[in-house]
Each structure stands twice: as C-alpha cells, then as structure tokens.
Amino acid sequence: MDFQVVVLAGGTSKNLIPLVSKDVPKALLPVANRPVLSYVLELLEASNLKDLILVVEGQDAALQIGSWVSGAYADRLHVEVATVSDDAGTAGGLRAVAHHLTASDILVVSGDLLCDVPPGAIAAAHRRQDATMTALLCVPPVSGPSESGSAGGKDKAKKPGPQNIIGLDSSKQFLLFVASGAEVEKDVRIQRSILRAAGQMEIRADLMDAHLYAFNRTVLLEVLNEKPTFQSIKLDVVPYLVRSQLKSEALSSGEPLKEEGWNENGTTQNNQSYISEQHVISTHGFLQQRLFGSNGLIGAPKMRKCCAYIAPKHKYCARLNSIQAFSDINRDVIGEAIHLTGYSLSSHNNIIHPTAELGTKTTVGPHCMLGEGSQLGDKCSVKRSAIGRHCRIGSSVKIINSVVMNHVTIEDGCLIQSSVVCSNVHLQERVILKDCQVGAGYVVSAGSQHKADSLARKEKA
Amino acid sequence: MDARRVSRMVIDPKVRQVGFVTPGASSEPMKHIIESSSMASSSSELTPSGNSLSPVMIPPPRHAIPVPVPSPLRRPSIGDNMPLGSYNPSDSLLGASPTISPSSRNDDDNPYSGIPSVDLSDEFSPRWIDRTNSGTISNTKADDFGHKLPQLASSFPFSSNLTAVSMVKMPLPRRGAGEVETNHSMSSKPLKEKTSKAERRALQEAQRAAKAASKETGGDKQAVAFGEGANPNAKQAKSAKPPPQKKDGAPGASSGATSEKKGVDRPPEKERKKDVPAPRMQFDDTQRVEKAKRRALVKPTETMNRVELFRHLPQYVHGAQLPALESKFFEVDQMHPHPAVYRVGLQYLTGDISGGNARCVAMLMAFQEAIKDYTIPLEKVLIRDLTAKINSYVSFLITCRPLSISMGNAIKFLKARIAKLSVTLSESEAKAALQSDISRFINEKIVLADKVIVRHAVTKIRDGDVLLTYGSSCVVEMILCYAHELGKQFRVVVVDSRPKLEGQALLRRLLAKGLSCTYIHINAISYIMHEVTRVFLGASSVLSNGTVYSRVGTACVAMVAHAFHVPVLICCEAYKFHERVQLDSICSNELGDPDALSKVHGRKDLNHLENWANNEKLQLLNLTYDATPSDYVSMIVTDYGMVPPTSVPVIVREYLREHLLI
C-alpha cells in the first residue's frame, strides 16, 4: 500500500538505568522473557509489513540489536539497521534514513511500544483523511490490577506521569493541539485561528501518544530539512505540524491568517483538573467546513491535516519508557495482555516452561512466568512475577510482583518484592529487596536489605 | 377429429399458434405426408451444403411467416384455419403417448415441425426468433426443442403454454434410442417441407442470405463461444429443464451434434444477457449472498432485525466493516485494490464523501490513478486484464457502499472505453488514452454539465422569488450562489431532515455568501410551502419514466409543492439518467445505518431506543433514497436543456448511447 516502516529502537535510554546497560540496550529488555522490540516487529509482521528500517542509537546497541534481529527473524522479515549517534534524537534518526525513504507515506513506530492496535488502522485513517500526519492516541492502561495483596498498594501510590494535553475536534479525528506534559505550565495557549476554523475543540488529558505515527513523506522530509534543530518527533515535529496545519491552507487561499496569533485562551486551570475530564472551550463559529469540508468536490485546498486515531478502549497499548512502566508492562503482559505474547495460560493462569524445575511445596501463583531451565528450590513462593531463563533459585525464596531476568542466582531465604533483577545478578542469602532495581552482573551481599534503591555495578569505562 | 378438437380445447393457445404458423400446411394429413416426403430430398440437399450455420435454412420460415400474416387482424381468420393446422399437435397428444405405433410417430413429427414454428410466430421479438433459430439449426433434434422450450417458457409470458408442448414430447425418448434417431431425421423433413412452400422460397432465400451475411460478421464471437461455451450452456439448459425432459436429453442426442448445437446456441444466449440487464443482487437470496461473501475482501456482518419489505437490499452493520478493512490494510491480497481505490472506499464507508457527483468524481479519479500505476501482467491482454481489475475495484467499492446509478454509468463508460481500445496501441498510449478519457468525462459530463445547468436554471429565478431546496445538492447550491452573484433578490428556504441534517452544511455556506435563508425541518414543509415560488431539488438519478430517484424526503417535498401548485425543478446532470424504470422506492434502495435513527444529537436523555437490536419486535428502517413520480416534477434541468420528465427517455436514447462513445 505504498507505506514504509521506520522502527525507532532507541539506544540505551537514560530513563531505564540501571536496567539497560551496554550489554542490554533498551530494545532488548525482556518483557515476559522476550525482547521488547519483538513485540513491535511481530505486530508489524502480523500486518504483513515485512520491510523495515530499524534505527538504533549507538554503535554497540546497533550491533547487538542487529545480530539479535538477524537471528530471530532471519527468514521472516527484511530489516535494515541504521545507526545514529547517541544524541541524535528521534527526529535525527529519521533524518539519517531520509534518503532511504521512497514510499509516499511513512509509518514511524517506536521500538518500545506494546500494543495490539493494527497499524493498518492508523494507516487507513491516514489515507482516508489524506492527512499529513496521523498519530495513534490511546488511553494508557490502568497500572496494576487493584488487589488486596501486599504489593497492590505500592502501585496506587505512584503518581501518573506528566499528562499530555491534546486538543481534538468534535469528530475526534483531527488533532488541533498538542502539548506534552513537561511543557505545560499553568497556561495552555491555543491558536485562535485553529479554534476559529474548527469551531470547537475538545481538550483531553487522558490520552497517551503511543509513538506510532503515519507521516506524509514529502512533508516530513521538508520539515526535517527546514528545521535542523528539531530533535524529537514528539516534542518538536508533531507540535510543529499541528500548529502549522492552517498555514498551508492560508497560503494557498491567499488570505494570510495570523499563524502566530497566539492567544491566551482563558484556560488557566491546573493540569490536574484536566485529568479524565474534557472541557469544551469554545462552541462558537461554524467555519468547520473550511477545515473539514469534504462535502464539495475533491479538489479541496491542500492542507496539512493532522489526524488522530484513538485506539478503542479494549485494546492494550503501553510504552516501555520508564522503570515503572517496565514492571507494569511485565505484569500486564503476563496477566491480562497475555495475547500479545502468543503464549497460552495454563490452568493455573501462569506459564511455566516444561523444563523448569520446581522443588517441593513451591507454589507459583497466577500471572507468573517461569523461563526455560530455571530451577526453584523448596518452599518457594512466586506471585505475579516473571522469571527468566536458567535462573537458580534456592529454598524459601519469595518473589512478588517482580521481574527476574536470565541467569540470576538467588540463594536461600531471599525476599524480592516489586523489584527488577537484571541478568547475571547474584543475590546471596537472606537478601531483602523492596522496590529495587539491580543492574546486570551485580552481586548483593548476604543479609543486606535494600528499599527503593538502585543497585548497579560501577561502569568501568 | 372430434377427439382432436377436444384436445385442442384443452391446449387451446398452443393450437392456435400452430394453426397460425402453418396456415396452408395441410388440410389433410395425407397431403402433408406426401409433401414432406417430397421435400425431404430437397431439405437434405440443403443441409449438407450449408456450413456450420446450415441451420440457417430454418430461419426462413420464421421470417416468412410474419409475411403472410402481417397484421393481428388476420388472427381471427387463422382461428378459422385452426382445425387444419391444429391437426398435427392434437394428433400427437392422442397418438404418441398411448400407442407407440410408427404411424402415430409420423404424426409426432408434425408437432415438432409445429413447435419451432410456434417460436417463430410474429408474437415473438426478433431476438427470440434468433435464438430458436440457432436451436433448430443443427439437426433439429427432438431434444433441441426440449432444451429450448422450457427456457422460453420461463422467460416469456406467452410461452407458458409451450411448456405443455414440451411435455408432449416426453413419451418419445422412452422408445429405443435408434428409433428416436430416425424420428429426428424424420422430424426435420416435415419442418423443411413447410418452409419450402413454393411461393415463399425466393423470399426466404433472400432473407437467409442477408442473415448469413450478418452472422458472418459476428462469426468471431461465435467461434470463441464455441469451445468454452458448450459446457456451461449444457448446464444451463439442464437446470432450466423440468425433470421429465432430463430423461429425453440423455438418450437422444449424439455427442457431436449436441456440442455443435450448444456451441451455436451460445451466442444468442450471450446477446440476451447483454440486452437484459443482469438482475441485481437480492440479499434475501441466501445462496447468492453466501457466494458474494466468499468473494468479498471484507466479510460483512449483518444486522439483526431486518425489515421484511427491504430484506432484498444489502443490510450491513456499518460499524463492523471499517475495523475489518483497517486490519487488512497492509495485507497483500489478490483482491486488494489499488491504494487510491482503497482510500475512496474507506471514504465512502465512513461517509467522508457523499453526494452523487463527489462520489463519482472520487471514484473516477481513483481509477485514473490506478490506471496510471497499472502494468500489463505477462501474457495478458490489456483490454481483458484491465477490465477484470476495474471489476474487482468496483466490487470492492460496492462492499463499502452500494454504487449510485451515476457511478454505474461512469463505470459503464470506462469499460466501454477500455473495450474500444485498439489493440495496436502500446501500453503507455493506452493508459494515457484512458486517463484522458476519464478526465474528459469528469469535465464534460460533470463540471461543464453543472455550469450549463446553472446557466439554465438561473433564468428561472426572478427577483422576489422564494426558493425552496431540500437536503444539500451541490448543483442547487451552485445555482443559488450564481443567482446571488448576478444580483437577483430572492430568499431561500432550506428544508432539512434527520438523521443526516445535510441541509445545515448548505445553510452555513449560503449564509456565508450572504443569502437570506429560512431553515426548517421537513415536517414543517406544508406550512412554509404557501410562500414558496419555486422548488429546486437535486437528484441521484432520473429514470426513463421520469421518476426522480433522490435523497429520501424529496418525494414528500415535491408532492407538497405539487399540491400547492409550486413548480418543482429537478437539477440533474444527464450522465445520471438511467434507462431503468422504477415505480417505487422499494425494489432498489439503500439502507442507512439504523443506529442513526435511534440517537438524537444533543439529547442524551432521549435514549428510549438504546439496545434496540435486542428487541426482536422492533425494526428500524433508515432508507436513503426515494422515488418521486414524474407527476410532481414540472421540469428537469439538465445539460441538454430544460425538459419535461417525459423527455427523459429521449435523452437516454439519443444522448447516452453517444456518451458511452464520446
């Protein structure tokens, strides 16, 4: 259908230290014992998108990801890996592959996306509206099932991340305004011209930008060329396109609209008040037809329409962009979003690899996953956790609400709660971890207790 | 003879026809037989001498017959003759079935000779004659008639009697096969004999020559149909036959002869299909619906509560199709249409594009793009392959939304252009030609036509007029705007209706231009009508009986206007005209989304129809079109001028053929 796909796999994200390291770039972080990138690739494969361009930040990461992809998807996908420098940003990544882009529309997907919204839906919406840009918006998953378990309360305490403010037209098809949470201070400034054209705008703060975009190639490349300072797609390119959607029309119709006519549009409410409620700012003006007039014949003025595709509520959609998100996603994927993995749950609602060995009186609760060749000693208890491959776990170990990666050794009597334990970690006897992240290869000495800590080896650079 | 007469009474119409056909055939059986034997030699000479079309010999009788009996006035006299002519068939009835004596069989032959001549009687259109002609062609096998007659019976009202004739034959095949063969040869002779009436001979020969010449030109087609056509045709014939005839088919025919017969039989069959428009898909026919589903890219899901009267229309849940299409967006499928077509389909589905002209233009432009990107696959011919492609695109578009008549006309035009492409053109030339054809169609038939219509219609607007329009027709909007630009002083009443409320968009645009408007809903139409001086309406199509097929509600507006003696002007481009005749809006219509009826915008408290689909006793009907009888239409403004509705067939006849040829 004349689409090209660019997957932005990122490099070693700062947000995810200590989970990521030189050896494990962000794209290869395991989610339910599979690299997170595999979910995106399989989503694309399911939609029959087999020619991909993979953009990776950093040489090492590129090598690792490239070798993993070539191993795992040898005959299934045709992937080209492009390497960019660490600080190129997402827009920089696109710039680097710009000369490879030939199709009329480009689908840009973030490598850390887990969702089951078919990319075809976004592409179809994009084509239907003949849009310049279409973004997938979704309602972020409610983190953590509310359970009476000991760990349940922890999640609730977490604050929702910074909210994006998104303005939509009344048909919920057009993006009129975008501001990411970080930029939003007390005021939200909205262009008067856009309001006038749209007549009505719905401001929502309960939507998440899933970083799945469809772009018109020519416009995208034009913007990337014209604005060499743009770093991020989300923070720079998308807002720019949304802001300038009327501009092109104004130029073509010959009546210059004041594009920079910013106006403080009396909405000085606090961010928090937006959450989960929607305000209709202005209901006047019915010049909608100008922006959305498709009633007439087809030769409507060329306009850079920015559209949004809002994922249906029942679809799962999440991004792995923080440590909190990492544990949430792991839990969700083993639990309610299990269909993403393609595994089927056993009768106990969990997934235990046939080669895993369990000691006597060891219980593995629902929503758990045990990887290949892992061994558990006696009287262990595992709840809502994912345990990777070839882990050796001693007796009387409790693992609750945690992620344990591959080749981890856990000795007797440890308690691990709401934590992430990376590969090759060695936990000695009677270690107690709560809300901790343990970096790869770290050794936790016997009997130590850590709470809300980040443990990692000093990088020997 | 008495017995015969009685039997004649029983099968009266048949007898009459037979008598009619063979007026001078035989007053006495003896004479008849003698003649037949004498003619046998001559006919046998003729048969081999002819080419594969040797059966052409038989046509003469048909043509000849109308000649002696040109006017219906003569019928009564034929009736007088009837006892004579009727002799044979009645004999066959009595003689053949109870006794199997050879003598009776001789008489049997006569009914055969009579049967084809029945077909030939002047009551039948030339087309039918053609058909039977080719049927009788080869050896005039008994089962030829068996195949033919039931088909006739099913397709032609008069022939209901003819089925009875074919029943008579039934006993025949039960005899030994060999006997049947002889029978056939016999049967052909008397047939020839009748045709050979001395005074008609010369005339027949002349006609035959003309016929042969004309067939020669169509010969290629027949040859093509020959090979591949035989089988399907055989099937067709079988299925058409009532069960008893099946029996006679099997033993009777020798293979070579049948294949020839079938091959020859084919082309007229084809012609018939061309002439009679293919029946529209009836969606209460489960078998065909299943079949269509298998072919479709998107599996349509059907609504629960169908309205009984409208079961034959496509009824799909509107919400379910879009996600299905979306999820298949990237799948490479043979059925998958070109991206441009796909986009247009999606736009139809979501209602982004609506209105006859916009939809038609969007479709044509998508086809234009598709043709631009088209390359001829290896070992294929552009004409055939591209037609197939276009067909698949069209069926995709139909799954998104049923085609409008205007789109049907445009597609017909495009296909005609493809078919007419000369074989010598190179690929790029052919593509360029098609693209320019399409843009010419858009320009001439839609854009220019609109301009002409506006010019015409504006002359009907005078200062002080109050114009009423319904819904949102783009031509009417152009007219109003143009009249406003000319400085005419008038007022506009925009009538609207739920659930689409298309009038609001029109109203907004008119107000933006500075026209003074009144906005009402259709239920207030009778109150406003007395101050209206003209009604301007758009149309989706105008049918050849003058019926205007348009957005639902148009008929109501036109009727009220008629009652108030307000002239109703329909503005419609001529490419939307169609030769079809439609008397009501039931047989062909489009169903909208029933959910649109249950929701009232801005009134969340009006939720009495929530979950209406769960109530078996409730059915919602959201019709999209209705048919306005021509009585209510004062004038139709088209690109060929302002015409009364009675002149539509003239335009269809005189101009639409030509527009296919542009």
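The values are calculated or read from the model by the stated rules, or taken from the named source; none is laboratory data. Computed from a prediction, not measured in an experiment: that's the story for all the values here. Positions of Cβ are backbone-derived with ideal geometry, glycine not excepted, and every protein chain shown enters the neighbour counts.
Under the condition of being crowded, with 18+ Cβ neighbours inside 10 Å, within 14 Å of chain B (Cβ to nearest Cβ) and modelled with pLDDT under 85, the residues counted in the range A:4-51 number 2. Consider A:Asn33 carefully, then state whether it is more than 19 Å from the chain's Cα centre (by Cα) and on the phi > 0 side of the Ramachandran plot. Against the criterion (more than 19 Å from the chain's Cα centre (by Cα) and on the phi > 0 side of the Ramachandran plot), A:Asn33 does not qualify. Out of all the residues in the range A:14-51, which are touching a Ser or Thr at 6+ places or on another chain (Cβ under 6 Å) and assigned to a helix (DSSP H, G or I)? Matches in the range A:14-51: A:Asn15, A:Lys26.
Filtering B:Phe413, B:Phe396, B:Phe367 for residues that are under 25 Å from B:His578 (Cβ atoms) and in contact with a Gly (Cβ under 8 Å, 6 or more places away or on another chain) leaves a single hit, B:Phe396.
Residue count for the range B:494-510 satisfying the condition of being out of contact with any Asp or Glu (no Cβ under 9 Å at 6 or more places or on another chain) and either under 12 Å from B:Val476 (Cα atoms) or not in a helix (DSSP H, G or I) (or both): 6. Among the strands (runs of 3 or more DSSP E) confined to the range A:341-460, the ones with at least 1 residues that are farther than 30 Å from A:Leu41 by Cα and in contact with a Leu (Cβ under 6 Å, 6 or more places away or on another chain) are located at A:398-400, A:415-417, A:432-434, A:449-451.
For every residue, the table says whether it meets (1) of a type in the set (A, V, I, L, M, F, W, C); (2) within 14 Å of chain A (Cβ to nearest Cβ).
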| residue | (1), (2) |
| --- | --- |
| B:Phe329 | yes, yes |
| B:Ala340 | yes, yes |
| B:Val344 | yes, yes |
| B:Ile353 | yes, yes |
| B:Glu369 | no, yes |
| B:Thr375 | no, no |
| B:Tyr393 | no, no |
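Among the conditions (1) within 14 Å of another protein chain (Cβ to nearest Cβ); (2) touching a residue at least 24 places away in the same chain (Cβ under 8 Å), B:Gly553 misses just one, which is (1).
Conditions tested, residue by residue: (1) touching a helix residue (DSSP H, G or I) at 6+ places or on another chain (Cβ under 6 Å); (2) within 14 Å of another protein chain (Cβ to nearest Cβ); (3) touching a residue at least 40 places away in the same chain (Cβ under 8 Å).
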| residue | (1), (2), (3) |
| --- | --- |
| B:Arg455 | no, no, no |
| B:Val476 | no, yes, yes |
| B:Arg509 | no, yes, no |
| B:Tyr519 | yes, yes, no |
| B:Ser544 | yes, no, yes |
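Total residues in the range A:240-249 satisfying the condition of being out of contact with any Ser or Thr (no Cβ under 8 Å at 6 or more places or on another chain) and either modelled with pLDDT under 70 or in a helix (DSSP H, G or I) (or both): the figure is 6.
Taking helices (runs of 4 or more DSSP H) as the structural unit, those lying wholly within the range A:52-137 and holding at least 3 residues that are buried (at least 18 other Cβ atoms within 10 Å of the Cβ), within 14 Å of another protein chain (Cβ to nearest Cβ) and out of contact with any Leu (no Cβ under 6 Å at 6 or more places or on another chain) correspond to A:119-129.
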